[in-house]
Amino acid sequence: MAKIGEPAWRGRQLAEAIYCQRLTDIAAITVLAKPLRRRLVEAGWKVGRPAIAQVFRSADGTERYLIDCQTVDAQTVETVWMPEGDGGEAGDGSEEEEEKTWDRATICVSSQVGCAVACRFCLTARLGLQRNLTTGEIAGQVVAVLDRHGVEVGRDRVNLVFMGMGEPFLNYDNFMAAVRLLVNEVGLSPRRMTVSTAGVVPGIERFAQEPAEVRPKLAISLNAPNDSIRSEVMPINRKWPIEAVVDAVRAVRLRPRERITFEYVLLGGVTDRPEHAREVARLVRRTGLPVKVNLIAWNPGPGIEYATPEADAVENFRRALAEEGIAVYLRKPRGRDIYAACGQLKRTVEG
Ligand code: SF4
């Protein structure tokens, strides 16, 4: 608005119309005078959001979308809708009782096209980093999915997890600007958002300084019990070793009843032994903060050599952590029949 000679506050009106009223046509933005709307259209401006290009529906209700960013480079990203929450984000005592209806759902959001982090268990890693998503593309994925399911913000319970394609803390400014849009304009609560990082220490340090009104909850994608295994599974560990990551987390000033989440993908025969669980307990205690551990049995992906852990190994691991006094939750793998692990859809559909 400022660029076309309008007062800057018109920008706020526009943001309100796009993200709060969720209008997708300039003609419908009646808060702007008709001549101004005409001028915008004639100058080629459009409002809208990324389009859901393909939908894959799983037997368990999970929907996975390939979202077309509708930009010149024709890039697509993946966004996932998981109705009735995701098991790990619910029922852990950190949130009030909630009923199990369709409107309790989790949306998994991407922050980059591809990823530079190169985790060995991840298909997105094979794409390499194509580019960062813009602020509008990150927030737009959420709004596109809210529209598809007719979600009424304020009435329906929706959680966001920034755990899709990409490492949010390597696209920090756009990621946080999208969070501010989603909080201030769309009306979602940052207490219902969780961002997951593979362990970008400078990103964690910046994040710890964000004001509580716009700071999502933090999850660390841990996935291994010590530096030698973690450096194999997640080469980013060579740059920021496991203890440096855990120590950076200490600076986060948690809100009442908030906890730091550690995500741990159990790779059969690699990271799933009870002694690994005891190492994990030692590590997460090092934060000195309230924590919980989410265990996820690895989702098999085409061309990745890891094995799904045995059910016994998963249970023994869970028990070993619980015996150490750590809050531990087993997350149900969602959407296995539609390749609903990070990056699997884009790779499978687009080759
Ligand atoms: S798991 Fe996440 S951080 Fe690691 S390569 Fe995949 S998208 Fe990147």
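The values are calculated or read from the model by the stated rules, or taken from the named source; none is laboratory data. Predicted model only: the values in this text are computed from it and were never measured. Cβ: placed from backbone, ideal geometry, glycine included. Neighbour counts: every protein chain shown. Surface areas here come from the heavy atoms of the whole protein model, side chains and all, with no ligands, DNA or RNA. Shrake-Rupley method; radii C 1.70, N 1.55, O 1.52, S 1.80 Å.
Does region 115-145 hold any residues that are open to solvent by 20 Å² or more (accessible area, probe 1.4 Å), in a helix (DSSP H, G or I) and within 14 Å of the ligand (Cβ to nearest atom), and which are they?
The answer is ALA125, ARG126, LEU127.
If you scan region 153-173, which residues turn out to be in contact with a strand residue (DSSP E or B) (Cβ under 6 Å, 6 or more places away or on another chain) and either more than 13 Å from the ligand (Cβ to nearest atom) or of a type in the set (Phe, Trp, Tyr) (or both)?
VAL158, ASN159, LEU160, PHE162, PHE169 - these are the residues of region 153-173 that are in contact with a strand residue (DSSP E or B) (Cβ under 6 Å, 6 or more places away or on another chain) and either more than 13 Å from the ligand (Cβ to nearest atom) or of a type in the set (Phe, Trp, Tyr) (or both).
Scan (1) open to solvent by 10 Å² or more (accessible area, probe 1.4 Å); (2) within 21 Å of THR194 (Cβ to Cβ); (3) modelled with pLDDT of 85 or more for the single condition GLU84 breaks and write down its number.
(3)
Which members of region 197-217 meet the condition of being surrounded by fewer than 21 Cβ atoms within 10 Å (Cβ to Cβ) and of a type outside the set (Val, Ile, Thr)?
Correct list: PRO202, GLU205, ARG206, ALA208, GLN209, GLU210, PRO211, ALA212, GLU213.
Can you tell me which residue among VAL291, VAL270 is among the aliphatic types (A, V, I, L, M), open to solvent by 10 Å² or more (accessible area, probe 1.4 Å) and without any contact (Cβ under 8 Å) to a residue 40 or more places away in the chain?
VAL291
Would you confirm whether any residue within region 216-229 is more than 24 Å from GLU279 (Cβ to Cβ), more than 12 Å from the ligand (Cβ to nearest atom), under 21 Å from the mean Cα position of the chain (by Cα) and assigned to a loop (DSSP other than H, G, I, E, B)?
So far as region 216-229 goes, yes, one or more of its residues are more than 24 Å from GLU279 (Cβ to Cβ), more than 12 Å from the ligand (Cβ to nearest atom), under 21 Å from the mean Cα position of the chain (by Cα) and assigned to a loop (DSSP other than H, G, I, E, B).
What number of residues in region 16-35 are outside any loop (DSSP other than H, G, I, E, B) and surrounded by fewer than 16 Cβ atoms within 10 Å (Cβ to Cβ)?
The number of residues fulfilling the criteria is 6.
Enumerate the pairs (first residue in region 116-132 and touching a residue at least 40 places away in the same chain (Cβ under 8 Å); second residue anywhere and of a type in the set (Asp, Glu) and near the ligand (Cβ under 9 Å from one of its atoms)) with beta-carbon separation below 6 Å, excluding pairs fewer than 6 apart on the same chain, so at least 6 apart or on different chains.
VAL117/GLU167
Of the residues GLU205, GLU213, GLU232, which single one is within 16 Å of the ligand (Cβ to nearest atom), among the charged types (D, E, K, R) and part of a helix (DSSP H, G or I)?
Details: GLU205 fails: within 16 Å of the ligand (Cβ to nearest atom); GLU213 fails: within 16 Å of the ligand (Cβ to nearest atom).
After ruling out the rest, the residue left standing is GLU232.
THR79 - would you say it is touching a residue at least 60 places away in the same chain (Cβ under 8 Å), closer than 21 Å to THR134 by Cα and surrounded by 18 or more Cβ atoms within 10 Å (Cβ to Cβ)?
Considered against the rule, which asks whether it is touching a residue at least 60 places away in the same chain (Cβ under 8 Å), closer than 21 Å to THR134 by Cα and surrounded by 18 or more Cβ atoms within 10 Å (Cβ to Cβ), THR79 comes out as yes.
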